[in-house]
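Reviewing the structure listed below.
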Amino acid sequence: KKLVWLDCDPGADDAMAIFLAAYSDKIQLLGISTVHGNSSIEKVTNNALKVLKMGGIQGIPVYRGLEQAIVRRDKINIQFHGESGIDGCVLPDTEQEAIEDDVFHKIYHTLKNQSQKVHFVATGAYSNLAILLTIYPDIKNYIEQISLMGGSVFLGNQTPAAEFNIMSDPEAAQIVFQSGLRVTLVPIDLTHKVGVTQEIIQKIELYKSEFGKNVIGFLTYYMGRYKQRYGWDYAPLHDPVSVFYIINPDAFSTKFRNVEIDTVSPLCLGRTVVDEYSVTGRQPNCYVACEINKELFWQEMLSALDQANKN
Ligand code: BDR
Ligand code: CA
């Protein structure tokens, strides 16, 4: 099994990423760290703990990460997940507590002490990852690759130029892209094609369980936000796609390109600048995911939900 670390900001789609990472038989989830993003760090950390409980997932430590971007203090407008970060259902209480002390040191040691290199998946702002790479540069020896949900080759969803996770901490993103590690970017250009539809909701309805009710609750809320904002009848399930890249990279087509983050322009701050036509002379540093076999994705995602429902 591939060892996976998941850094996230739950978030409806982050919750689905947690279910996928915990229940895929191709990977072993070592731990979760949380980061500011879809709600405050307190709320997303609580959500991560409750999502584990909801899915009957035991033995996965949750580390509370950074409450803000590493440089900027701008307020980011949160559009899709509601006040709690996962609106639309009542998540179950849990006795599990998050680890709050010495978090980066502990994550570093967890990665270092494995018998194989770890696949690092980030589905929120990349602030935690940037700090880890900065204060423990040799952590690179223990990371096999990084799979990032975020960015946009074409147009942003937070500003016309920038996607939400990157806009939430552009400097952190730039550190990650310049790390020299193998980085794969799963941008919104791709995740907008992987949508939760009524057909998926109907499959989950068959569970007739508390778990199913809660998943439908938060997915329906999330779909409602997309309907309201964009008029879409489906909601993109961004974050699990970057977990699925670790599970089955062959289900994707990618292009190896140079990607840099705009950290200076007021108009295009946070843009993932992808050198599609190799005009800059800069070395490629990122596999940009372009296409996905959606059928294989949904098979894996629904099978993870089935298992979470049984637990
Ligand atoms: C990203 O932003 C968040 O709202 C989602 O959880 C996802 O990680 C998509 O732009
Ligand atoms: Ca997210």
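Among residues of the stretch 79-91 being surrounded by fewer than 20 Cβ atoms within 10 Å (Cβ to Cβ) and in contact (Cβ under 8 Å) with a residue 60 or more places away in the chain, the one that is farthest from ligand 1 (Cβ to nearest atom) is V90. Looking only at residues in the stretch 143-159 that are of a type outside the set (D, E, K, R), within 18 Å of L3 (Cα to Cα) and surrounded by fewer than 20 Cβ atoms within 10 Å (Cβ to Cβ), the one that is nearest to ligand 1 (Cβ to nearest atom) is Q145.
The single condition from (1) assigned to a strand (DSSP E or B); (2) more than 16 Å from ligand 2 (Cβ to nearest atom) that W5 fails is (2). Where helices (runs of 4 or more DSSP H) sit wholly within the stretch 136-224, those with at least 1 residues that are in contact with a His (Cβ under 8 Å, 6 or more places away or on another chain) occupy 188-191.
Set side by side, the residues I99, I32, I76 differ, and just one is more than 16 Å from ligand 2 (Cβ to nearest atom) and either crowded, with 22+ Cβ neighbours inside 10 Å or not hydroxyl-bearing (S, T, Y) (or both), which is I99.
Applying the criterion of being touching a residue at least 24 places away in the same chain (Cβ under 8 Å) and of a type in the set (D, E, K, R) to the residues of the stretch 223-255, the residue that is farthest from ligand 1 (Cβ to nearest atom) is K255. Consider Y126 carefully, then state whether it is aromatic (F, W, Y) and in contact (Cβ under 8 Å) with a residue 40 or more places away in the chain. For Y126, the condition - aromatic (F, W, Y) and in contact (Cβ under 8 Å) with a residue 40 or more places away in the chain - is met.
So that you can scan it fast, the table gives a plain yes or no per residue for (1) at pLDDT below 95; (2) of a type in the set (S, T, Y); (3) in contact with a helix residue (DSSP H, G or I) (Cβ under 6 Å, 6 or more places away or on another chain); (4) within 13 Å of ligand 1 (Cβ to nearest atom):
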{"site": "G11", "(1), (2), (3), (4)": "no, no, no, yes"}
{"site": "D14", "(1), (2), (3), (4)": "no, no, yes, yes"}
{"site": "K26", "(1), (2), (3), (4)": "no, no, yes, no"}
{"site": "V35", "(1), (2), (3), (4)": "no, no, yes, yes"}
{"site": "I41", "(1), (2), (3), (4)": "no, no, no, no"}
{"site": "N47", "(1), (2), (3), (4)": "no, no, no, yes"}
{"site": "K50", "(1), (2), (3), (4)": "no, no, no, no"}
{"site": "G59", "(1), (2), (3), (4)": "no, no, no, no"}
{"site": "G65", "(1), (2), (3), (4)": "no, no, yes, no"}
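Of the numbered criteria (1) away from ligand 2 (no atom under 15 Å from the Cβ); (2) among the hydrophobic types (A, V, I, L, M, F, W, C); (3) closer than 22 Å to V176 by Cα, the one A22 fails is (3).
The values are calculated or read from the model by the stated rules, or taken from the named source; none is laboratory data. All figures in this text were calculated on a predicted structure; none of them were measured in a lab. Cβ atoms come from the backbone with ideal geometry, glycine included; neighbour counts cover every protein chain shown.
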